[in-house]
Structures are given as structure tokens and as C-alpha cells.
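**Q** I am attaching a structure below and will ask some questions about it afterwards.
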Amino acid sequence: MNEEKENIVLLVGQISDSNLYKEVILQVKKDFELIGQTIEINEFIEPADFIKEVYQQIHHLLRHSFDTYLQLLYRVDIPEKLMNFNTQNSDNIAKTTIFYILHREWEKVKLRTSFQ
């Protein structure tokens, strides 16, 4: 298992342990829908399936709709400068993107729940 995938699995484990897993999934789904993309996830999806589905969606956007991919980064609030588009292949970019998206979505959910 490579480092990017290990980091993603660890992050999803932390999200699951925080009892905010369902809220993070719903936030990811909402942000995909706000950029006009359908993602087949629900709050009952297993972590491995969640990672796989998000990876497939991001990889597809990178290869076929880069403008929509950039909209997703903007929507989730991921600075483009964090992404190194010149030196990585689309597989590595997708894995890096998943990590940043999940981390940012988790931050948003934690912040929102702290004010409830």
C-alpha cells in the first residue's frame, strides 16, 4: 500500500472514530451535487467503498472534465497551490485530492457541530 492510500485510510479511520463519519459523507455528497456531479454514496457506505467511490469520481473528473475538478476544489475550499499537477500522474493527484477533500470536509463538519 502506498503512502497516499495509507494516509487516506488513516484519515477515514479517524473520521469514523470521531462519530462524524455520516456527516462527512453527506457533506461530500452535497459538494459533489453542488458542482453538478452525482456520486453514489450514502451515510451507510463502508469506509473502503466510500474511498473507492470518491477516488473513481475524482479520477474521472481529472481525466475528462478538468474544469469541473477545479470547481470541486473551489467548492470544498482546497487551494489549487496544494496540488502539484506538473509532477504527478492522475492516480497520485486523485489520491492527494481525496486526502485534502476528506480532511477539509471533516474540518467543516467539526466546526459546524461545535456551534450546535
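**Q** Looking at segment 72-91, which of its residues are aromatic (F, W, Y) and either modelled with pLDDT of 80 or more or part of a helix (DSSP H, G or I) (or both)?
**A** Result: Y74, single match.
**Q** Could you grab the pairs with beta carbons closer than 6 Å, sequence gap of 6+ or different chains, first residue in segment 1-12 and within 18 Å of I93 (Cβ to Cβ), second one loosely packed, with under 14 Cβ neighbours inside 10 Å?
**A** Hits for this filter: zero, empty list.
**Q** So, one more: Could you please let me know if T96 is touching a helix residue (DSSP H, G or I) at 6+ places or on another chain (Cβ under 9 Å) and within 18 Å of E6 (Cβ to Cβ)?
**A** Spelling it out, T96 is indeed touching a helix residue (DSSP H, G or I) at 6+ places or on another chain (Cβ under 9 Å) and within 18 Å of E6 (Cβ to Cβ).
**Q** Same structure, new question: Would segment 19-38 turn up any residue that is surrounded by fewer than 18 Cβ atoms within 10 Å (Cβ to Cβ), in contact with a helix residue (DSSP H, G or I) (Cβ under 7 Å, 6 or more places away or on another chain), outside any loop (DSSP other than H, G, I, E, B) and free of Cβ contacts under 8 Å to residues at least 40 places away in the same chain?
**A** No, every residue in segment 19-38 fails to be surrounded by fewer than 18 Cβ atoms within 10 Å (Cβ to Cβ), in contact with a helix residue (DSSP H, G or I) (Cβ under 7 Å, 6 or more places away or on another chain), outside any loop (DSSP other than H, G, I, E, B) and free of Cβ contacts under 8 Å to residues at least 40 places away in the same chain.
**Q** Of all residues being among the acidic types (D, E) and in contact with a helix residue (DSSP H, G or I) (Cβ under 7 Å, 6 or more places away or on another chain) in segment 39-70, which is modelled with the highest pLDDT? Just the residue, please.
**A** The qualifying residue modelled with the highest pLDDT is E40.
**Q** Taking the criterion of being assigned to a loop (DSSP other than H, G, I, E, B) and either within 17 Å of Y100 (Cβ to Cβ) or free of Cβ contacts under 8 Å to residues at least 60 places away in the same chain (or both), would at least one residue in segment 48-64 satisfy it?
**A** No, the conditions are met nowhere in segment 48-64.
**Q** In segment 46-60, how many are surrounded by 15 or more Cβ atoms within 10 Å (Cβ to Cβ) and within 22 Å of W106 (Cα to Cα)?
**A** Counting residues in segment 46-60 that are surrounded by 15 or more Cβ atoms within 10 Å (Cβ to Cβ) and within 22 Å of W106 (Cα to Cα) gives 9.
The values are calculated or read from the model by the stated rules, or taken from the named source; none is laboratory data. Every value quoted in this text rests on a predicted model; they were computed, and no experiment measured them. Virtual Cβ from ideal backbone geometry, glycine too; neighbours counted across all protein chains shown.
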